[in-house]
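First comes the structure, then the notes that go with it.
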Amino acid sequence: MERFDIAVIGTGPAGLEAAITAKVRNKSVLLLGSKGSSDKVEKAHSIQNYLGLPNIPGDKMAQTFLDHAASMGVEITEDKVNAVYSMGSYFALQCHGGDYEASSVIVAAGMSAMKPFPGEMENLGRGVSYCATCDAALYKGKTAIILAYSAADEEEAEFLAERAEKVFYLPQYEYAGNLGGNIEVHDGIKATSIEMADGQAVLNAESDTFKADGIFILREQIAPSQLVPGLTMDGNHIKVDRSMATNIKGLFACGDITGTPYQYIKAAGEGNVAALSAVSYLNELKKN
Ligand SMILES: Cc1cc2nc3c(=O)[nH]c(=O)nc-3n(C[C@H](O)[C@H](O)[C@H](O)COP(=O)(O)OP(=O)(O)OC[C@H]3O[C@@H](n4cnc5c(N)ncnc54)[C@H](O)[C@@H]3O)c2cc1C
């Protein structure tokens with residue numbers, strides 16, 4: 001498997017700037033995220049305070065960022081990172097579309113306002129999971145519940161349904177799909193809590209209860225401490241020093257995920273620092 005110098009997670013201003021800086025420093029870069037940058041850039045109405053781009057609509061700023069990255073030869077690998085494991089001298093990244101390796105990692109995954117459901121964290125890995133394609137093989141002849149947050153999750157449901165006996169699909173977005181067969185779609189369900197009862201995963205909702213062998217929660221963002229086991233947190237944010245280094249050697253973080261203020265220019269600036277620090281780390285690694 002190819003081992004990249006630097007893997008960057010997230011294609012918002014922090015991740016794009018980190019990838020550009022790493023590229024300028026001649027490092028091989030794996031940039032993981034969505035091809036369209038971040039919703040927080042694309043959906044902003046008008047931005048007044050980004051240096052060099054006065055009074056710019058969010059979608060135009062996103063395109064400017066993406067064009068800049070493309071012009072430097074930075075490619076985006078459209079994938080969602082499920083977990084990052086430190087293997088000592090390198091990192092293993094488990095993604096929905098496959099696995100990758102990198103000598104260092106920059107987490108630029110932004111902040112999510114969503115709180116875990118009561119019972120979610122307690123049952124993670126024991127009935128609750130965040131990646132249906134990763135665990136599909138374990139669901140042969142079994143039943144599963146998918147809490148889905150975007151239309152892209154419909155493909156994941158279809159993949160799981162090829163193995164599972166039955167899939168309950170609960171879209172948390174405006175559903176306009178045509179899932180069928182052994183996928184039972186329940187639209188408009190508001191989940192309230194999760195529990196395990198008699199070996200079954202139970203999803204309690206305002207108007208209903210669903211039981212299955214497992215529950216998949218396919219949010220766009222995963223809590224940082226779940227994304228990278230062993231990470232030291234500072235409240236909801238990843239704890240970093242001024243070089244954007246975390247407590248895990250070779251792993252850096254930047255942007256909203258490291259704390260307030262939540263601002264584009266702060267995110268991009270931290271992306272730059274994180275990439276330079278990752279380059280220094282790689283140079284040291286080479287010497288040893
Ligand atoms: C409506 C709105 C208006 C705003 N206006 C302004 C403004 O005028 N000026 C200003 O300075 N700031 C503004 N902000 C704040 C600004 O949007 C954020 O500070 C900035 O986007 C943070 O950049 P980031 O790269 O850290 O994170 P984000 O922009 O959130 O990008 C993170 C990216 O990582 C991806 N990601 C997350 N998890 C994973 C994973 N596991 N695998 C792969 N990819 C993943 C996400 O999908 C996302 O694309 C505004 C925010 C909003 C919501």
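To test your reading of the geometry: what angle, between 0 and 90 degrees and rounded to tens, separates the Cα axis of helix 13-24 from the longest principal axis of the chain?
Orientation of helix 13-24: about 50 degrees from the principal axis.
Summing +1 for each Lys or Arg and -1 for each Asp or Glu, what net charge is found among the other residues whose Cβ lies under 11 Å from the Cβ of residue 200? Intermediate results must be reported in sequence, preceding the final value.
On the way: positive: 142, 211; negative: 195, 198, 213.
Every neighbour counted, the sum reads -1.
Convert each backbone phi in the stretch 43-59 into a coupling constant with the Karplus relation 6.51 cos²θ - 1.76 cosθ + 1.60 (shift: θ = phi - 60°), then list the ³J(HN,Hα) values in order as whole Hz, x for Gly and Pro.
Calculated HN-Hα couplings, in order: 9, 5, 5, 8, 10, 9, 10, 9, 4, x, 10, x, 6, 10, x, x, 5 Hz.
Quick one: 3J(HN,Hα) in Hz for the stretch 106-116, Karplus 6.51/-1.76/1.60 with θ = phi - 60°, rounded, Gly and Pro as x.
10, 8, 10, 8, x, 10, 10, 7, 6, 9, x
To one decimal place, what orientation-averaged projected area in nm² is obtained for the convex hull of the Cα set of the stretch 46-153? List each step's numbers first, then the result.
Working: hull surface 42.1 nm².
Value for the stretch 46-153: 10.5 nm².
When only C-alpha pairs under 8 Å and at least 6 residues apart count, what is the relative contact order of the chain, in percent? Please report the intermediate quantities before stating the final value.
Numbers: 620 pairs, mean separation 60.0, N = 288.
The normalised contact order for the chain reaches 21 percent.
Compute and list, largest first, the equivalent-ellipsoid semi-axes of the chain from the alpha carbon gyration tensor, each √(5λ) rounded to a whole angstrom. Numbers along the way, then the final one.
Numbers: eigenvalues 233, 95, 60 Å².
Computed over the chain, the values are 34, 22, 17 Å.
GNM on the chain, C-alpha springs below 10 Å: top fluctuator among 144, 152, 18?
152
By average Cβ neighbour count within 10 Å, what is the ranking of 20-29, 55-64, 204-213 from highest down? Could you put the intermediate results ahead of the total?
Details: 20-29: 19.6, 55-64: 16.4, 204-213: 14.7.
By packing density, highest mean first, the sequence is 20-29, 55-64, 204-213.
Check the straight Cα-Cα distances from residue 142 and name the lysines below 26 Å, setting aside those fewer than 8 residues away within the same chain.
By straight Cα distance, residue 142 reaches 80, 166, 190, 211.
Where does the Debye-calculated log10 I(q)/I(0) of the stretch 128-218 sit at q = 0.12, 0.16 Å⁻¹, using only Cα point scatterers of equal weight, no solvent?
Calculated log10 I(q)/I(0) at the listed q: -0.30, -0.54.
In the stretch 128-218, what percent of the accessible surface is made up of carbon and sulfur (1.4 Å probe, ligands and nucleic acids excluded)? If you can, show how the numbers build up before the last one.
Numbers: 1860 of 4280 Å².
The value for the stretch 128-218 is 43 percent carbon and sulfur by accessible area.
Given the DSSP H assignment, sum -39500 (n - 2.57) over each helix run of at least 4 residues in the chain and divide by its residue total; what's the result at 222 nm in deg cm²/dmol, nearest 500? It would help to have the intermediate numbers written out before the result.
Working: 7 runs with 73 residues, N = 288.
Result for the chain: -7500 deg cm²/dmol, rounded to the nearest 500.
So what's the gap between the Cα centers of the stretch 147-192 and the stretch 106-134, to the nearest angstrom?
That distance is 17 Å.
Using a Cα-Cα cut-off of under 15 Å, which aspartates and glutamates could be cross-linked to residue 40, ignoring same-chain neighbours fewer than 8 residues away?
Straight-distance partners of residue 40: 59, 220, 256.
Check residue 80: other-chain or 5+ apart residues with amide H under 5 Å from its amide H, H built from backbone geometry?
When sequence neighbours closer than 5 places are left aside, the close amide H contacts are 96, 97.
Quick one: compute the contact order of the stretch 196-255, relative version, from alpha carbon pairs under 8 angstrom and 6+ residues apart, as a percent. Don't skip to the end; give the middle numbers.
On the way: 53 pairs, mean separation 10.0, N = 60.
Relative CO of the stretch 196-255 lands at 17 percent.
So what are the ³J(HN,Hα) numbers for the stretch 143-159, from phi and the Karplus equation (6.51, -1.76, 1.60; θ = phi - 60°), rounded to whole Hz, Gly and Pro as x?
3J(HN,Hα) across the stretch 143-159, in whole Hz: 10, 8, 10, 10, 9, 10, 10, 7, 4, 4, 6, 5, 5, 5, 5, 5, 5.
Place a +1 charge on the Cβ of each Lys and Arg in the stretch 128-218 and a -1 charge on the Cβ of each Asp and Glu, then give the dipole magnitude about the Cα centre in debye, rounded to the nearest 20. Mind dumping the intermediate values first?
Numbers: 6 positive and 16 negative charges, 49 e Å.
The calculation lands at about 240 debye.
So, taking all protein chains as they sit and a 1.4 Å probe, how much accessible area belongs to residue 150, in Å² rounded to tens?
Estimated to the nearest 10 Å², residue 150 gives 50 Å².
Strictly under 4.7 angstrom between C-beta atoms: which cysteines of the chain have no such partner?
Within the chain, the cysteines lacking a partner Cβ under 4.7 Å are 95, 254.
List the trypsin sites (Lys or Arg not before Pro) within the stretch 235-288 that DSSP assigns to loop and that have no more than 13 neighbouring Cβ atoms inside 10 Å. List each step's numbers first, then the result.
Details: sites: 239, 242, 249, 266, 286, 287; in loops: 239, 242, 249.
For trypsin sites (Lys or Arg not before Pro) across the stretch 235-288 that sit outside H, G, I, E and B with at most 13 neighbouring Cβ atoms in 10 Å, the list reads 242, 249.
Compute the separation of the alpha-carbon centres of the stretch 263-288 and the stretch 1-66 and state it in Å as a whole number.
What the calculation gives is 15 Å, centre to centre.
The values are calculated or read from the model by the stated rules, or taken from the named source; none is laboratory data. None of these values were measured; they are calculated from a predicted model. When we count neighbours, we look across all protein chains shown, and the Cβ atoms used for this are built from the backbone with ideal geometry, even at glycine. The protein model used for the area step is the full one, side chains on, heavy atoms only, and it has no ligands, DNA or RNA in it. Shrake-Rupley method; radii C 1.70, N 1.55, O 1.52, S 1.80 Å.
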